[in-house]
Amino acid sequence: MRVTVPEQDRRPIKRQTVRRVVGAFRPYRRKVALVGLAIAVTSGLGVVNPLMIRAVFNNALFGVPPGSPTCGGLRCPNLHLLYLYAGIMILVPVLTGLIGIGQTYLSNLVGLRVMQDFRNALYSHLQFMPLRFFTTTRTGEIQSRLANDVGGVQSVVTDTASSILSNVVVIVSSVVAMLVISWQLTVLSLFMTPLFMWLTYKVGKARQRVAAVTQQSMADLTTITEETLSVSGILLSKAFGRQRHEIDRFRGENERLTGLQIKQTMIGRSFFALVGTFFSITPALVYLVAGWVIRGHVGAINSGDLVSFTTLQSRLFFPIGSMLQVSSDVQTSMALFDRIFEYLDMHHEIADAPDAVDLPVDRVRGRVEFSDVWFRYDLPVEETTPSEISDDGHARHSREWALEGVSLEIEPGQLAALVGPSGAGKTTMTYLVPRFYDVQRGAVLIDGIDVRKLRLESLGGLIGIVTQETYLFHTTVRRNLLYGKPDASQEELEGAARAAFIHDRIMELPEGYDTVVGERGYKLSGGEKQRLAIARVILKDPRILILDEATSSLDTTSERLVQEALRPLMRGRTTIAIAHRLSTILSADVIFVVDRGRVVERGTHGELVARGGLYARLYEQQFRSGAVEAVTEDGLVLASGEVVRRATAPDEL
Ligand code: ADP
């Protein structure tokens, strides 16, 4: 695969990059050496046959002088020599072919293995990249580096490196052999070469330019396709009746691409035409010069020398031509390597501290504390300067900070509800507990230990998260559930599913627990997916639960079932809920009212309503709009001020 890098990425090759690339091949150095040897041998063997031609003409075919009894007045063949030479001329190509097969196998093996190593290294590195990286990088970009860039570098070994070595050997061995035959003819050939090189160079440059533009055009076409043929894209274009417009846009880019591809093919063709022309016309020139040489008594050239020489000379053009392309190939490969290294060098902003400790699940109590937490999304932790926070603890530029000096405590087993207007910072607060992001100032603590001092794996084991958006892998229900606890038994699995009120539904699916769900699998409803996600967390049995309640995407029945499923999940664990339902808020041990990155009020529902502040206003508005339900003292569930049903579960009351 030939991958071209846009013009702007063609930077000078860095020595460090070369060193790292060489380093990547180190584990395979024996194989690389073998490949090198094979290339040198096969390329070197290439001069044997032209030299044999000379020997055949001069010594074998017309080797016996006239006058011998068998040939009469003519020169006649020396058959013994002819057998020997013909034998060598058959043997050498066969041998070259065989070594070539071995060499191709080995060089591909090494190239593919190095590619495999890079893919593994990149994937592992990406798994530990902070969330910030994924929210700020286009998904396609990550995929492309893993697939195309890594794929592109394979050609470095299998094509570029091998071709450099073989071309050098071919050129040197051919020129030496030519010199041996006739220095005069060699001088003539070398005079011809600069013209050929100049033309090839020009063609190469043009090819590079067109290739870069073509690559860009292909990328544009892919972007259009990705954007407009995704579910959201197609919905948008249908909703706005913009299909015609999109089709025209696609056609335009498609037309441009075709034009460029035709141009690219033609330029490629002209390179071969150039080589072909030189290949064909040089024998004529060589014969001419030979004539002059013989006529002018400058030297002696016989027919064997001539045939052999033209054969050798024709071997030169292709290697010289491709050597002129090599620099751009190397540049392309190095640019691809640079892109891979750029990812590999990205700092794992959130990683285990050297003195990080484990907090065993059975010993953790689950107290969560925020101590003067300052956080902003737009800069990594190490880039924050103290000057961005003023002495009196306020942000110098308001609203750059998602959280400004948040302090709160949640005791083990408590249900804490975060309430506040949209964009207040509730989700952000929940992100800081599992260290999806690190705080810029202050600390988040679990059982009094700064989360940055806990080993990430241990921290991950303590926390369970149920969000509004449920992500299921494209695999069976069972495997999706086991993600929470890989060694869970069938009983545990069913127990969790029952607790989450999803077991019966799973049993109704075509293949029960073995039904494939997820993006391209069996379509579960939003509520069912959420209950599955809840079962997954029940299985995990974390000490701390983070719950982002859905707003109103579910119908009342599904909503109710999800609520029922959540109840056993919250029991006995510290729960931080971004609460939208009144029932959750009412049963909360403590409510934190968040506004513009600060905790502005705290207390129980009763206390906060009595206070008559932001909470009281929110409660009033949301209750009226029916976004939340309330249970009256006589056990009736109200929504939008209407009685919708009688409360059923005991803790609803
Ligand atoms: P809430 O959950 O209360 O609705 P969030 O915690 O999601 O609010 O957001 C708090 C603030 O942080 C908002 O101003 C929001 O625009 C901003 N924010 C959220 N996520 C990001 C992000 N990934 N990058 C930059 N800003 C963000």
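Please report, in whole Å, how far the alpha carbons of the chain spread along each principal axis, starting with the longest.
134, 59, 56
Listed highest first by mean packing, meaning other Cβ atoms within 10 Å per residue, what order do 140-148, 588-596 come in?
Top of the packing list down: 588-596, 140-148.
Round to the nearest 0.05 the FRET efficiency obtained for residue 258 and residue 491 when R0 = 51 Å and r is the Cβ-Cβ distance.
0.25
Could you let me know the centre-to-centre spacing of segment 590-614 and segment 425-441, using Cα atoms, in angstrom?
With segment 590-614 and segment 425-441 each reduced to a Cα centre, they are spaced 20 Å.
Per residue, how much accessible area does the chain have with a 1.4 Å probe, in Å²? Intermediate results must be reported in sequence, preceding the final value.
Details: 33790 Å² over 653 residues.
That works out to 52 Å² per residue.
Cα centroid distance between segment 447-480 and segment 197-221, in Å?
Taking the Cα centre of segment 197-221 as reference, the centre of segment 447-480 is 48 Å away.
Highest first, please rank the peptides 340-346, 228-234 by the mean number of other Cβ atoms sitting within 10 Å of their residues. Walk me through the intermediate numbers first.
Working: 340-346: 15.9, 228-234: 12.4.
Packing proxy ranking, top to bottom: 340-346, 228-234.
Listed here are the pairs 426/529; 453/485; 31/485; 238/523; 238/426; which of them are more than 32 Å apart at the Cα?
Working: 426/529 23 Å; 453/485 25 Å; 31/485 43 Å; 238/523 23 Å; 238/426 35 Å.
Check vs 32 Å cut-off fails for 31/485; 238/426.
Using 1/(1 + (r/R0)^6) with R0 = 25 angstrom and r between the beta carbons of residue 295 and residue 195, what's the FRET efficiency to the nearest 0.05?
Step by step, r from the Cβ atoms, then E = 0.45.
Work out which helices of the chain, taken as complete DSSP H runs, extend at least 27 Å along their axis over the Cα atoms and score a mean Kyte-Doolittle of -1.0 or more, then list them.
Helices meeting the criterion: 79-127, 162-181, 183-228, 243-295, 303-344.
Would you kindly find the accessible area of residue 123, with a 1.4 Å probe and non-protein molecules such as ligands, DNA and RNA excluded, rounding to the nearest 10 Å²?
Near enough 130 Å² of accessible area.
At 1.4 Å probe size, with the rest of the protein present, what percent of the exposed accessible area of the chain is carbon and sulfur atoms?
Its accessible area is 59 percent carbon and sulfur atoms.
When the label point is put 7 Å from the Cα of residue 362 along its Cα-to-beta-carbon vector, which residues of segment 474-516 have a backbone N closer than 20 Å?
In segment 474-516, the label zone of residue 362 (backbone N under 20 Å from the point 7 Å along Cα→Cβ) covers 485-489, 492.
Taking every pair of alpha-carbon atoms in segment 507-610, what share in percent sits in each 5 Å bin, from 0 to the bin with the longest distance?
Whole-percent P(r) values from 0 Å outward: 2, 10, 18, 20, 17, 14, 9, 4, 3, 2, 0.
Before anything else, pin down the relative contact order of the chain: Cα pairs under 8 Å, at least 6 apart, normalised by residue count, whole percent.
13
Counting only residues 5 or more places away or on other chains, whose amide H sits under 5 Å from the amide H of residue 454 once H atoms are built in the peptide plane?
Amide H to amide H, under 5 Å and 5 or more residues apart or across chains, residue 454 pairs with 357.
How much mean residue ellipticity at 222 nm does the chain get from its helices, if each DSSP H run of length 4 or more adds -39500 (n - 2.57) and you divide by all residues, to the nearest 500 deg cm²/dmol?
About -18500 deg cm²/dmol.
Would you pull out the residues with amide H under 5 Å of residue 522's amide H, same chain only if 5 or more places away, H placed 1.01 Å from N?
516, 517
The values are calculated or read from the model by the stated rules, or taken from the named source; none is laboratory data. Since the model is a prediction, treat every value here as computed from it, not as a measurement. Cβ sites come from the backbone with ideal geometry, for glycine too, and all protein chains shown count toward neighbours. For accessibility, only protein heavy atoms count, side chains too; no ligands or nucleic acids. Shrake-Rupley method; radii C 1.70, N 1.55, O 1.52, S 1.80 Å.
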